[in-house]
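Following: one structure in structure tokens, then a few remarks.
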Amino acid sequence: MTMRMPLISVPEVRETIDKNTNSQWKQNQTEILRERKADYFWEVEVPRLVNSGIYSLETMLENQWVFYDEKNNLQTRNTPPQKQ
């Protein structure tokens, strides 16, 4: 007996979310997923990488994970540098 799995990688997703308002998923959600991954990286992973002690200060400054504020204190970024 062979097990048949449903096809998940369908190119179009047209699932109705709310039947009252007839709203549907957007056809191409790559931008939404990319923004969600970027937000997660900057909110969770960057502070974890900075506090790990593995990376040098020069590397963290090059990757823009940390920055110096007006009082010359070292701060960790929680948002991408493009959003600030």
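The values are calculated or read from the model by the stated rules, or taken from the named source; none is laboratory data. These figures come from a predicted structure and were not determined experimentally. FYI the Cβ positions are ideal-geometry reconstructions off the backbone, even for glycines, and counts take in every protein chain you see.
Observations
- For the criterion of being assigned to a helix (DSSP H, G or I), basic (Lys, Arg) and either surrounded by fewer than 11 Cβ atoms within 10 Å (Cβ to Cβ) or modelled with pLDDT of 90 or more (or both), residue 36 fails.
Conditions tested, residue by residue: (1) of a type in the set (S, T, N, Q); (2) modelled with pLDDT under 80; (3) surrounded by fewer than 10 Cβ atoms within 10 Å (Cβ to Cβ).
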{"residue": "5", "(1), (2), (3)": "no, yes, yes"}
{"residue": "20", "(1), (2), (3)": "yes, yes, yes"}
{"residue": "25", "(1), (2), (3)": "no, yes, no"}
{"residue": "40", "(1), (2), (3)": "no, no, no"}
{"residue": "46", "(1), (2), (3)": "no, no, no"}
{"residue": "73", "(1), (2), (3)": "yes, no, yes"}
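- Here is the figure for segment 49-71: residues that are exposed (fewer than 10 other Cβ atoms within 10 Å of the Cβ) and part of a helix (DSSP H, G or I) total 3.
- Pair list, Cβ < 7 Å and 6+ apart or interchain, from segment 40-57 residues that are aliphatic (A, V, I, L, M) to residues that are assigned to a loop (DSSP other than H, G, I, E, B): 46/65; 46/77; 49/55; 49/65; 50/65
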